[in-house]
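These notes are about the structure you will find just below.
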Amino acid sequence: MGFSYQKQILHADSVAITELMQAYGSPLYVYSRTDIEHNWHKFDQAFGTHPHLVCYAVKANSNLAVLNVLAKIGAGFDIVSGGELERVLAAGGKADKCVFSGVAKTTTEITRALEVGVRCFNVESASELNRIEAVAKSVGKQAPISIRVNPNVDAKTHPYISTGLTENKFGVDKNEALDLYQIAQQSAHLSVQGLDCHIGSQITDVAPFLDALDKVLALLKQLKHQGINLTHLDLGGGIGINYDDEQTIDIQAYINAIISKVGDTEIILEPGRAIVGNAGIFATKVEFLKQNTGHAFAIVDGAMNDLLRPSFYNAYHQVLPINKATTGTQANWDLVGPICETGDFLAKNRPLSLSEGDYLALMSAGAYGFTMSSNYNTRPRVAEVMVSGTTHQIVRKRETVQDLFANESLFL
């Protein structure tokens with residue numbers, strides 16, 4: 001059911017957002033369990049009987065309830081830190097369904113991942129391969145690995161979330177990958193499993209994905225000629241969602257195209273935003289209305305520390321009144337927050353009819369919303385709520401100011 005208007009009030013599934021604001025306060029993140037499950041199943045079911053594993057990218061939204069919902073329906077997980085691994089385990093996820101990505105895995109993280117039995121390490125450099133081998137040797141285990149190849153494909157997305165160009169910090173080029181596979185193949189403490197590729201995030205055109213896949217398959221063919229046979233291809237994530245009427249990718253058509261090219265090779269995908277992005281909103285309250293010469297500001301209780309994407313990426317989130325029936329001053333409003341930064345805005349130049357005290361919803365905030373939030377200006381992080389049908393539950397309590405300095409001490 002997701003988010004829709006019912007009798008002029010925005011609802012999450014069958015629960016009015018106004019009811020949630022009254023129960024849990026403002027600002028507030030709200031997630032739809034129904035949408036999360038539906039979005040994951042779209043990927044999983046598109047593969048049919050083809051061998052596959054859909055690994056949710058934990059960095060998009062790492063709330064334990066979100067992870068638990070996905071674990072219970074059979075999801076794998078793409079993790080990029082030891083902390084994310086522990087979250088997955090705490091939420092009931094299986095280590096043998098985790099692929100461990102990221103450019104800076106520590107000895108401690110690798111040791112723990114080997115201890116619990118992660119599915120695979122996605123290796124980003126020769127130095128990392130050496131470290132994984134040394135750790136595996138020290139604990140008497142064989143580490144499953146794949147090499148992350150940088151295909152030098154332009155995903156045509158925001159430069160901060162582009163990862164598939166040679167100028168990016170991720171992965172290795174084709175020639176270095178060939179050398180690393182030879183080294184790994186000869187090691188008694190490494191088990192060569194697959195090949196990994198991820199070119200960026202919020203990609204709304206299928207062409208870069210298929211271009212990268214063709215380059216990966218050419219490398220796979222070279223490896224086979226050298227006697228190195230891989231069991232899976234990890235094609236990463238990055239499928240974009242609809243923030244502002246974008247033309248997005250047809251998931252079934254994309255996966256059909258993959259299957260048509262890869263034979264019977266197992267495919268791992270790592271969607272994050274595509275699963276949770278449109279399954280969440282950020283709700284906030286209008287505190288003050290202020291009009292300077294030629295400029296209208298709606299000062300809300302949410303801020304860049306709560307939802308960083310607009311300030312960081314100049315990202316667009318649709319803004320909807322939670323109660324459509326309210327009337328107020330019509331203007332093109334900038335939604336700004338209490339943070340002492342000119343860059344503290346959630347939206348700009350939005351035509352809205354507003355009054356002080358109105359509630360607003362920033363849509364498509366389920367991914368890279370709370371997970372990127374901070375305590376800047378000593379602001380407690382907001383509460384998170386999950387809705388399923390007619391029921392709702394707080395899944396992360398609102399922090400108190402005292403929480404923020406509980407681990408600090410005076411210098412005596």
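The values are calculated or read from the model by the stated rules, or taken from the named source; none is laboratory data. Here the structure is a predicted model, which means the values were calculated and not measured. Backbone-built Cβ (ideal geometry, glycine too); neighbour counts: all protein chains shown.
Looking across segment 279-312, just one residue is surrounded by fewer than 24 Cβ atoms within 10 Å (Cβ to Cβ) and farther than 16 Å from Leu335 by Cα, and that is Thr293. For segment 2-18, the tally of residues that are free of Cβ contacts under 8 Å to residues at least 60 places away in the same chain and outside any strand (DSSP E or B) stands at 1.
Test Ala257 against the stated conditions and say whether it is surrounded by 22 or more Cβ atoms within 10 Å (Cβ to Cβ), among the aliphatic types (A, V, I, L, M), outside any loop (DSSP other than H, G, I, E, B) and touching a residue at least 40 places away in the same chain (Cβ under 8 Å). Here the answer is no, as Ala257 does not meet what is asked.
When segment 196-211 is limited to residues that are part of a strand (DSSP E or B) and within 24 Å of Leu178 (Cβ to Cβ), the one that is modelled with the lowest pLDDT turns out to be Gly200. Taking the conditions (1) more than 19 Å from Ala365 (Cα to Cα); (2) outside the structural domain of Ala303 (by TED's automatic domain parsing); (3) surrounded by fewer than 16 Cβ atoms within 10 Å (Cβ to Cβ); (4) of a type outside the set (Phe, Trp, Tyr) in turn, Gln22 satisfies each one other than (2). Candidates Ala177, Ala104, Ala134: the one that is over 21 Å from the mean Cα position of the chain (by Cα) and modelled with pLDDT under 95 is Ala177.
If you check Ser409 against the conditions, is it outside the structural domain of Thr284 (by TED's automatic domain parsing), surrounded by fewer than 21 Cβ atoms within 10 Å (Cβ to Cβ) and at negative phi? So Ser409 fits the description; yes.
Among residues of segment 215-236 that are crowded, with 16+ Cβ neighbours inside 10 Å, those with a Cβ under 6 angstrom from a residue that is charged (D, E, K, R), sequence gap 6+ or separate chain, pair up as Leu219/Lys174; His232/Glu266; Asp234/Asp196; Gly236/Glu270. For the criterion of being surrounded by 14 or more Cβ atoms within 10 Å (Cβ to Cβ), of a type in the set (S, T, N, Q), touching a residue at least 24 places away in the same chain (Cβ under 8 Å) and out of contact with any Lys or Arg (no Cβ under 8 Å at 6 or more places or on another chain), Ser388 fails.
Quick check on Gly227: is it over 21 Å from the mean Cα position of the chain (by Cα), at pLDDT 90 or above and not polar (S, T, N, Q)? Judged against the criteria, Gly227 is a match.
Tell me, yes or no, whether segment 275-298 has at least one residue that is of a type outside the set (Ser, Thr, Tyr), touching a residue at least 60 places away in the same chain (Cβ under 8 Å) and in a loop (DSSP other than H, G, I, E, B). For segment 275-298, residues of a type outside the set (Ser, Thr, Tyr), touching a residue at least 60 places away in the same chain (Cβ under 8 Å) and in a loop (DSSP other than H, G, I, E, B): absent. Just to check your reading of the model, which residue among Ile281, Ile258, Ile241 is in the same structural domain as Ala57 (by TED's automatic domain parsing) and touching a Ser or Thr at 6+ places or on another chain (Cβ under 9 Å)? Answer to the check: Ile241.
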